[in-house]
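One structure is given here, and the rest of the page talks about it.
Read-outs throughout are calculated quantities, based only on the coordinates presented, and are distinct from any laboratory measurement. A quick note: this is a predicted structure, and the numbers were derived from the prediction, not measured. In this analysis, Cβ positions are derived from the backbone assuming ideal geometry, glycine residues included, and neighbour counts consider all displayed protein chains.
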């Protein structure tokens, strides 16, 4: 009998080809899109959850509070590692990892092996316990014995392969401009999803003694990410309290000893390592961190898309099932029990969902490369779901599909099998309930489901408009300086470069294609530095931590950042290097200075205070993402410490300028790779995450609307068939084709308007919250809502009109004779 | 075999009440061939449906082989129906997704008959009905007469003691109608009780008794003079 059900189910689906195709297509696309989002979310939430004992691993962060203004940083002082080890037995291991600027993908290091130069994108320094806390898989060497000695290095397997090929890497020597390192281990970089991003680690004991001693003492110089692994059963809140008490006392003692009077107070927080990837509040944190809100939004969208496809399925199955009511009646007459009929319907539903599932998985596999390109990942269906790690999630997905099959099949099964067989055979579809008889074809539930679909569709369209408008606004917003036609070149990691630095700049400037050259340690779009500044005269010094930019001559002139008080930096009559400062308007406001020009500023620089005065104030310009307001910024002139050289080329001279740059580079920096980027490209990349979200929203909107339209097409097919006789009668009585088609379409106008109102309220709330994450944003325009509702209405009525055209234009006698 | 006493059936649709059958008292003995006649809307099909236990009575009583059907649950009625009653409809009511063989086999499946036994019985009856060569076709591929033969085969495959036929020749031409009536006559001769609803005097002539209904009531009952 069971085999019979599947046989019948298969034949039913074959016989109703268009319905089957509609349903399978809609469901398959819905399942495929859901799977993609599911895979994406899964890949994000897995970050840092696979380390052994990850529940006991914490990252230490810093919080600095001055007059209620709180700054949160991912960095901590170097010395904390020793403090944890020496003073806190609750800590099993502590380690740190030096900050390397993640905002600059061109910031690479060169190493030499057998006279050949190789580039390692991300080298950092760390203590010997790093691999005891983070159990990376080692291909060569042991994690237990690495990084304990000075001048040792651990490299990733891809770097090892690039440099050494198939040879063993252990014991080999790699040289940088500073010293020679011995390779003591090779690890697998991508063995676990993590917020870390490094290709090589050098032991921290390789740092030269003078700098090392200073690092070990200082409480205010934030240089490292610090991690601890606690013993089991240690309460983190108690531990955090205990540590901060210790740290505050130690800082206070240190400030007294060094005669520092720092406003505000520090706190260290302990962040579970599995939460690091979702923290977007901290400065100097990984740029790949994402706001967990996005995951919730995508999760909701995934659920909506699956819901939309499921609603379609249930609607179509229910509507279509009425045509099979007679068959149900016959079967009941022949002696079928209710449960046998229910089982039959569920079998058919299982076939449909199973086929849809297979098709969906095929779609996912086929489109995976494009999806990976869109989200910037390297996901595989098999790897994510059908592997040992992901089998749990794979089972959940499969169970969800099964539930859909049961729900989709049970609903028509329970309704139809409640029919009285005699009524069904006569053609009256009544169900008796304790509330009285109710005509099933009223379709109240069906309209509710369609309304839900429309709320989702309209909501997605309006959201897409708003996100697009915001992205467009960001692109065209005046940043306060000119970013066009500027190439940002990374200076080589070469200690001899300083000697040829000036000549290099001068030579770069000597070309018709170039209109200006400058240098800088910090450039808009890249990470700003932070430093302690002593503001004012000694007697009333105000110590503040402020953003700072180290720049070269001609910086403001090249960027065309306007001056509003004082003057720019110059080298005559006296050199302003480390003796003069320019600040921005936000800094003036923050510092609340009575007099700006001439106010003293001192910085702690290489063990001696460098004194200087404020010589100029520039207009605020957006040096970081427009998510943030312009923060106070101090500029100091220090050309010799430049990481970047900026070259501005003339309009339509990009190619000539690049040729010139390449030529000059080769002349001055033979053997070093040239790394550069266009400044406007760099600034655009600040919104990479937002743009990704926009792309995803556009795709999701298209899918939701497509699936909804498929469903509507199928549903309207049924409803039009149901009303064919009525259409014939109306034609005979004088109704025009146009009038009848509009009558059919108008049914949906009410639903669309109602859904539009609900969607508008929800979207306004959600999008307002999202826009508030930007310091600069558009105002939500009412036309977005009108457009969203109008587009949905046009699509839905268009779908219905296409479907109804044939029936309405048929001869009325055909319509009247239609048996249905 | 069948006895109804003051059987009444009322249909309610919102505020409108329609009395389809009014105090119908009827007895049918085993082996009978009863025709129910009357104008359209007089309640013939309603009475047939009630006798076939696919519709419920509003008041009165109905007993089948001495059992009070009105007190039975849906499950009990289904059980009783599938073991004892076969149906032939005017518009055949074959399941379009099933072949001829599968349509005829269906009642045996619901009776839980084993596959081997089913095959034997189905092959036997399609051979008797002379439709063996069409056993793998679908109803849409058959003529009206052929479809009705399949419907009759389906109705009798479970050897029911009662066969209910609702206008069995209504959608057939005279030749095929004649064929079907001959089949029913033979079945009756071999012991099957038949109750048939018909407009056709010719069809009614095959029966032994004729009951006339009008406005839901039996107004006349007579033995068929032709028998």
Rounded to 10°, Cα long-axis angle of helix A:688-722 versus longest principal axis of chain A
0 degrees
With viscosity set to 1.002 mPa s and temperature to 20 °C, compute the Stokes-Einstein D of the range B:106-210, Rh being the Kirkwood radius across alpha carbon pairs; µm²/s, no decimals.
147 µm²/s
P(r) of the range B:1-81 over all Cα-Cα pairs, 5 Å bins starting at 0, rounded to whole percent, reads 3, 14, 25, 26, 19, 9, 3, 1, 0
Could you give the angle, 0 to 90 degrees to the nearest 10, between helix A:444-476's Cα long axis and the longest principal axis of the Cα atoms of chain A?
30 degrees
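Write down the Kirkwood hydrodynamic radius of the range A:142-181, to one decimal in angstroms, obtained as one divided by the mean of 1/r over all alpha carbon pairs.
Kirkwood radius, the range A:142-181: 11.1 Å.
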Rounded to two decimals, what ratio of Rg to Rh does the range A:71-220 give with C-alpha atoms and a Kirkwood Rh?
0.96
Solvent-free Debye scattering, log10 I(q)/I(0), computed from the Cα coordinates of the range A:602-750 at q = 0.12, 0.14, 0.15 Å⁻¹
-0.86, -1.03, -1.10
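When 1/r is averaged over all different Cα pairs and the result inverted, which Kirkwood radius in Å belongs to the range A:456-559?
Kirkwood radius, the range A:456-559: 18.1 Å.
Show that you can apply the helix-only estimate: for the protein assembly as shown, add -39,500 (n - 2.57) for every DSSP H stretch of four or more residues, divide by all residues, and state [θ] at 222 nm to the nearest 500.
That calculation yields -15000 deg cm²/dmol at 222 nm.
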Which value in Å is the Kirkwood Rh of the range A:558-686 over different Cα pairs?
17.4 Å
Hydrodynamic calc, the range A:171-265: Kirkwood Rh from Cα pairs, then Stokes-Einstein at 25 °C with viscosity 0.890 mPa s, so D in µm² s⁻¹ is 139 µm²/s
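I'm checking a number: the convex hull volume of the Cα atoms of the range A:249-379, normalised per residue, in Å³. What is it?
197 Å³
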In whole percent, the Cα-Cα distances of the range A:279-334 spread across 10 Å bins from 0 upward as 19, 21, 18, 15, 12, 8, 6, 1
What is the Cα radius of gyration of the range B:122-180 over 2.2 N^0.38 Å, N being its residue count?
1.10
Average projected area of the Cα convex hull of the range A:1-45, in nm²?
4.3 nm²
Taking only Cα atoms, what is the 0 to 90° angle, nearest 10, from helix B:115-128's long axis to the longest principal axis of chain B?
80 degrees
Partner shielding of B:93-99, taken as the mean number of other chain Cβ atoms within 10 Å, equals 6
Dividing the Cα convex hull volume of chain B by residue count, how many Å³ per residue is that?
131 Å³
Cα coordinate range in the range A:27-153, projected on the principal axes (Å, largest first):
59, 54, 32
Translational diffusion coefficient (Stokes-Einstein; Kirkwood radius from C-alpha pairs) of the range A:1-97 at 37 °C, 0.692 mPa s, in µm²/s:
165 µm²/s
The range A:743-805, Kirkwood Rh and Cα Rg, ratio Rg/Rh at 1.15
Starting from a Cα-only point model with no solvent, please compute log10 I(q)/I(0) by Debye for the range B:55-140 at q = 0.15, 0.20, 0.25, 0.26 1/Å.
-0.71, -1.00, -1.27, -1.33
Which three extents, in angstrom, do the Cα atoms of chain A have along their principal axes, listed largest first?
103, 57, 53
